[in-house]
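The structure under discussion appears below in the form of structure tokens.
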Amino acid sequence: MRLFGILLIVPILLAGGGYVYLATQDWKGRQQINAAGLRHLLLLQGLPVEGADFSADDETPFEVPMAGGEVTSTVSKKLLETYFRNGTAGGGASTGGEQAPARLSLAANAPVTDQVGEAKRVLGLLKGELDKAQDAAQKIALVEGWLLIQAETMNERVQYQEWASRNDKTGAPKSAEKLAADADSLVHALDRKFYRVAPKLYAGGSAALAPAKWQEMQSKAEGAGADAAQLKPPVATDDADRRARLAHLFVHLDRDAAWQRRVAVVVGLRRYVAAITAQTIRFREMRSQVELPLGVDQANFQKVQDYLLNEARQKVNQVRVVADEKAKLVEQKTAADDAVSRRQTQLASLRAQLQKVQTEVDEHLVQQTGIEKQLYEIQREVSLTLEEVYRLEALLTDVERERYGLLPRQP
């Protein structure tokens with residue numbers, strides 16, 4: 001029996017080794033199946049909202065509901081690295097044309113253990129990019145791209161656009177002070193978006209993108225008492241609401257293809273699709289809010305346009321009548337100008353003739369004056385001669401009376 005027992009030791013050891021091998025393979029297979037199942041659930045549901053950072057012993061606390069009511073307790077960094085690497089692999093589609101200017105890329109393959117950790121990582125990237133902005137205009141350009149598409153109501157979107165505009169409501173360029181204030185308001189609005197999903201990040205205020213604006217809000221809230229809740233952004237009420245808000249924040253923070261793949265990995269495909277669908281509905285409502293006034297404005301515009309067109313047609317007809325009358329008057333004026341020109345030519349000719357006649361008359365007058373002068377001299381000589389004749393005749397008469405004895409003539 002002793003020899004038989006000794007001989008059985010070898011098969012027993014071989015069977016034991018085979019059992020250990022099979023048990024090891026079974027454990028590895030179960031681990032692979034669990035890992036595959038966990039990656040599948042993570043891809044559908046996303047990472048936990050909050051959790052612990054990676055631990056040094058590679059057993060990071062990580063609770064995810066599994067099939068059959070089971071819940072994972074820990075996760076290895078290697079599994080999350082594989083999950084992020086496989087989920088974010090692939091290049092973005094080329095849009096063609098000119099290359100877009102370089103901008104901040106939020107996408108990365110580095111794993112995180114929870115969604116709040118992703119928010120913290122992204123918040124740090126945004127803060128670093130804003131610190132590089134040289135002026136308010138650059139800061140507005142950055143924040144507008146991160147914030148505008150996140151607007152959930154029409155009023156919110158209009159407010160963002162007013163802050164981002166370089167001109168005020170009157171169309172005049174904003175002053176440097178106004179531009180800086182609007183830039184701070186935009187950054188503060190982005191802070192409020194992050195605070196809604198990760199309020200713990202803002203416990204000390206150092207993580208705020210606009211620390212001065214955030215501190216101002218905190219001071220107002222502290223002095224508001226019961227109304228303080230109205231000054232602070234509303235925080236998510238439960239896990240589902242928080243996941244939805246996180247998905248909304250991440251999805252609409254940047255439209256880069258690589259970032260969108262990472263967002264799907266972090267929040268899960270279900271939340272990713274739900275966030276896009278919800279925002280699509282919001283945009284449809286915004287469009288309806290724009291289209292309704294546009295319809296009224298279009299009707300009013302059409303009414304005014306028809307009135308103006310009729311008035312324009314009347315004015316055109318009046319202009320045509322006036323143009324015809326003007327053409328007739330111009331024609332009459334042209335004829336009158338021609339007649340005046342002819343009369344002026346005739347007048348010039350008559351003036352020339354008159355001048356000639358006046359010259360001749362003047363010459364004749366000069367001649368007549370000379371003749372009259374000569375005639376006067378002749379008349380004077382004749383008069384003197386007559387006086388002499390009359391004297392001589394009187395003398396003759398007196399002589400005859402004396403000679404013939406007649407009485408002297410009475411004086």
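Of the trypsin sites (Lys or Arg not before Pro) found in the stretch 137-184, those that fall in a DSSP loop while having at most 13 other beta-carbon atoms within 10 Å are R166, K169. Each Lys and Arg Cβ is given +1 and each Asp and Glu Cβ -1; about its Cα centre, the stretch 114-267 then shows a dipole of about 260 debye. Summing Lys and Arg as +1 and Asp and Glu as -1 over all other residues whose Cβ lies under 14 Å from the Cβ of R255 gives a net charge of 0. For L142, neighbours were defined as the other residues whose beta-carbon sits under 12 Å from its Cβ, and their charges (Lys and Arg +1, Asp and Glu -1) total -1.
Selection among Q138, A183, P173 by position relative to the dipole of the stretch 114-267 gives Q138 as farthest towards the positive end (Cβ unit charges, Cα centre). Taking other residues whose beta carbon is less than 15 angstrom from the beta carbon of A236, and scoring Lys, Arg as +1 and Asp, Glu as -1, yields +3. Using Cα positions and a limit of under 12 Å, work out the aspartates and glutamates in reach of K232, with same-chain residues fewer than 8 apart set aside. Qualifying aspartates and glutamates at Cα under 12 Å: D191, E216, E222. For the stretch 224-296 versus the stretch 328-366, the spacing of their alpha-carbon centroids is 94 Å. How about K303: which lysines have a C-alpha closer than 20 Å to its C-alpha, ignoring those fewer than 8 places off in the same chain? Once the sequence-local lysines are set aside, what remains near K303 is K315.
In this structure, T72 and E291 have a Cβ-Cβ separation that, at R0 = 45 Å, corresponds to a calculated FRET efficiency of about 0.40. Among the lysines, select those whose C-alpha is under 23 Å from the C-alpha of K169, and discard any that sit fewer than 8 residues away in the same chain. List returned: K139, K178.
Any read-out appearing in this document is the output of simple, stated calculations on the displayed coordinates, not a laboratory observation. Because the structure is predicted, anything quoted here is derived from the model rather than measured. Methodologically, a virtual Cβ is constructed for each residue, glycine included, from the backbone with ideal geometry; neighbour enumeration extends over all protein chains shown.
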